[in-house]
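Derivation of every value follows stated rules applied to the coordinates shown; laboratory data play no part. Treat the numbers as computed from the prediction; the structure is a model and nothing was measured. Here the Cβ positions follow ideal geometry from the backbone for every residue, glycine too, while neighbour counts run over all protein chains shown.
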């Protein structure tokens, strides 16, 4: 284009120059400014006249001259520029013209060829139209023929079907047969009105019935594996057998197998129970089968046999019936219901067996196997849960586990009770034994026996607790279940076992108190030991046991649990009861001696006392031995402030006061004065409770016994009538008692008061009350 | 509702035996026998004036010896029997005699008390071959003039003829057991036409049929220790109560002697005496050598276990029935009386006033008490 423009009028060169510049991309001048300013020599609106007049008007001559020279030089350079441009572009233009001319020629040639082509094409179209016209009829025939061919092929398949099916069945390729049949079935069904098809159809149905029969037989066969079964069922389903019926049959079949497993479990239980079970096919090699399995084996065989089978049954049932029949919700639910019922019934039986077996596990002492067995059982059940979502066997399983744990706990409690009873028998024997061997080492060491029974009890309960810990070991799955762990730890172990045991000890001890004398006939030392044992329970053992249990079994919820303080109080009460009973029994034993001695003597006709009666010595001996017994187990206890005087001085003092008093008394109106004196005396001394509770100290116990004995002595004396020497004998006896008994009691005044009262009563009951000289009494007592 | 204070009467001598004047049904009268080896013994005839809360007494001398047991006749209110200790230098034996009170309160008033009248001897009850006599029992209803004596190991029956002032020994039975069994006490059963008595020896209680003089039942080991006293429920014919040295009071059904019906253990020493109230058999008195007298309410074994049902007004019956259920009387101790300072060996109910009873301690203190009013109204209403 630029060449074309160069050819045009060269008069407007400025314009052109601008255009050229534009073409060559030179945009140094601003067109906007140039357009408006008429004085811009490079602008489009340049007006030479205006410019010239302006120059002339504005510029001086020299400036004009300069300008003119400048402009001439500019013009000159522009001229030369233009000449080079023209020259350069001319060559290009020439070559372009040549090219165009050449092209003109070539196009002409091409046009001719194109025309030729068009002619040829029309000829071809004609031909093809002709051909297709001629071929039209044939093609119709061919498509028909190929259709017939296909049909014939199908027909052939149908005709061959019976044979094929037979062959398949012979080859036991049942699935193939079924596939063939299902393919053909619809057609046959549709065309069964036609005789030929009818024949085939009949043959086929016969064969298929046979096949069904076979499959059914297969299905019912005991030997067939679940996988085979599943296949059978699958095929039968494809053969449109009613699903419900199949479900039933399948389950019935499964039931047989599972029942066999259960029967085996049953047999094991019977073996365990010691029943004689004979297998039908008893062979010597199978004799080992008759030795009962242990619980772990039992559960294992249950898991591997019954549970895995039932899992397989459920799984295949799911595959066969539940996952397929989704088009029909109704059947699906029915099938599911059937399965659930079936499984539930069987599981119930199974649980029943397991429970029975677990209950048989009572005798053994070892928990680990049982726990492992239960754990395995529990784990297996959890796995089952996943298979059958609607049912919760693990709950039932946990119930069994809890039951087993409970049974264990109960069993342990029994054995603890038994152990405690054994301990008691042991102590009794120990208490009885040394007396047989002789008196070389005195009475048996009660303290030793106490610590023995204490440690035996503790050891036993500790070992039981550690055994039970197996149930909550961290690797046991059911131990982590809160609904097992909570009740087990809190109610079973803590409440039933530990608290139950402590309560049992208390009540067992209390029983010794109730069989008063004749039935119980517990040796008094046993009462003493038990009393101390209960006291130990109160002070330390119970809280230790409970905290040990709570620590080991992580029992934290303290609400609703038996409080330690309550148990302690109970133990303390029991201890108190036992000690009171001990005091009573010992007191009565001594009372009995005193009573007999007072009742059987003829106090009117007795001779002048020369000795302390043997029975008093016996009483002192007995009390001394009781004192050593009690001293082995109980603290000394507090005595009331004891005068530093010797007992003898105390006694002689009171005796002399008695003497003085009575010396006066017989001179005046005796009886009134006498009763007055004794009444005044009583006014100042406190009332003495005879069978009162005692404290846990030696002196308190001894005081209790002595009180009972002396009160009996007094009551017996009051029932008798004495002669002079009878009274004096009583004086001697009481003095002797005073000499030896003061050291055992809390308050020696108490003994003094009681003994004084005995003498007073004797004086009252005496026909000839002449008292013996204290010095003589002392002499006799010293001699005795 | 302040309960009136108990009334205390002091004897100069020690005393062990007390009885209500059984045949007297109008006045509250008691008889007390003293025990003194030196002085002359006395029988105090006590009259209690309930309204004025006052005691008046008649003292009669009992010269033959200290009185161990006293029983008032059911036939004639002026007759009584005592078992007394006749002592000499080397011998003490227990005899029994029937006496007549020479005068009554009605005839003898405000004479000088310095010289006491003696009891008039009706007749001696001879039992020289049978050992010491422990107690004499009058026929419970007074229908017959027979007397039963409890000797060491024998039961003796006399027929008393007041007209000729003689008592004839009509029959006797011997208790045969190993050792030398000594009967401690006896009680005449007021039921079964008064044909049975019960005796106690050691820990045994035995029932005897007076017609055949043979044992009819035995309660072995009735108490852990000696049995001290017995009493029959006056309204329920098979019920009996016993007490003893094991500090317990036991209730028995004599048809089933293997187990007691109930055991009370409120005393802290031997229980010496137990008495049913003659009118309201739920009230049982016991006394003990712990110096206490305890009044218990044993309504569960009484003839009125549900209170007075007959009193229900018909219009309030429903409400009453409900009330009865909620406040059904319970067994328990009504009151413990601690006025005594020595062993209380005897206690008895008044034969005239069902709410009055007397207790006697060894130091000669006689205390007359009443059933607390609250309890009285509970029983009556």
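Overview of results
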{"quantity": "Per-q log10 I(q)/I(0), the range B:105-227, q = 0.14, 0.15 Å⁻¹ (Debye; single scatterer per alpha-carbon; no solvent)", "calculated": "-0.67, -0.73"}
{"quantity": "Projected-area average for the range A:445-490 over all orientations - Cα convex hull basis, square nanometres", "calculated": "3.6 nm²"}
{"quantity": "Residue among B:256, B:52, B:297 with the largest mean-square fluctuation in a Gaussian network model of chain B, springs linking Cα atoms under 10 Å", "calculated": "B:52"}
{"quantity": "Under the Debye formula (equal points on every Cα, no solvent term), log10 I(q)/I(0) of the range A:69-165 at q = 0.11, 0.25 Å⁻¹", "calculated": "-0.75, -1.16"}
{"quantity": "Extent along principal axes [Cα atoms of the range A:702-784; Å; largest to smallest]", "calculated": "35, 29, 17"}
{"quantity": "Ordering of A:409-418, A:73-82, A:184-193 by packing [mean C-beta count within 10 Å, highest first]", "calculated": "A:409-418, A:184-193, A:73-82"}
{"quantity": "Neighbouring partner chain Cβ atoms per residue of B:185-198, average, 10 Å criterion", "calculated": "0"}
{"quantity": "Highest-first arrangement of B:221-231, A:480-490, where packing means the average Cβ count within 10 Å", "calculated": "B:221-231, A:480-490"}
{"quantity": "Order of A:257, A:92 - criterion: other Cβ atoms within 10 Å of each residue's Cβ, fewest first", "calculated": "A:92, A:257"}
{"quantity": "Cβ crowding within 10 Å averaged over residues, with A:524-532, A:587-595 ranked highest first", "calculated": "A:524-532, A:587-595"}
{"quantity": "Peptide B:285-293 - average C-beta neighbours from other chains (10 Å radius)", "calculated": "2"}
{"quantity": "Mean separation of Cα contacts under 8 Å (6+ apart) over length of the range B:7-380, as relative contact order %", "calculated": "13 percent"}
{"quantity": "Per-residue mean of C-beta atoms belonging to partner chains within 10 Å, peptide B:35-41", "calculated": "4"}
{"quantity": "For the range A:408-582: rounded, prolate or oblate by the Cα gyration tensor [a/c cutoff 1.5]", "calculated": "prolate"}
{"quantity": "Values of log10 I(q)/I(0), in the order q = 0.07, 0.11, 0.13, 0.15 Å⁻¹, for the range B:7-380 under a Debye, Cα-only, solvent-free model", "calculated": "-0.30, -0.75, -1.06, -1.41"}
{"quantity": "Equivalent ellipsoid semi-axes, the range B:173-287, via Cα gyration tensor eigenvalues times 5, rooted, Å", "calculated": "20, 18, 11"}
{"quantity": "Quarter of the Cα convex hull surface for the range A:107-261, i.e. its orientation-mean projected area (nm²)", "calculated": "18.6 nm²"}
{"quantity": "Semi-axis lengths, Å, the range A:41-100, gyration tensor of Cα atoms, sqrt of 5 times eigenvalues", "calculated": "39, 14, 5"}
{"quantity": "Cα principal axis extents for the range B:11-92, largest first, Å", "calculated": "49, 28, 16"}
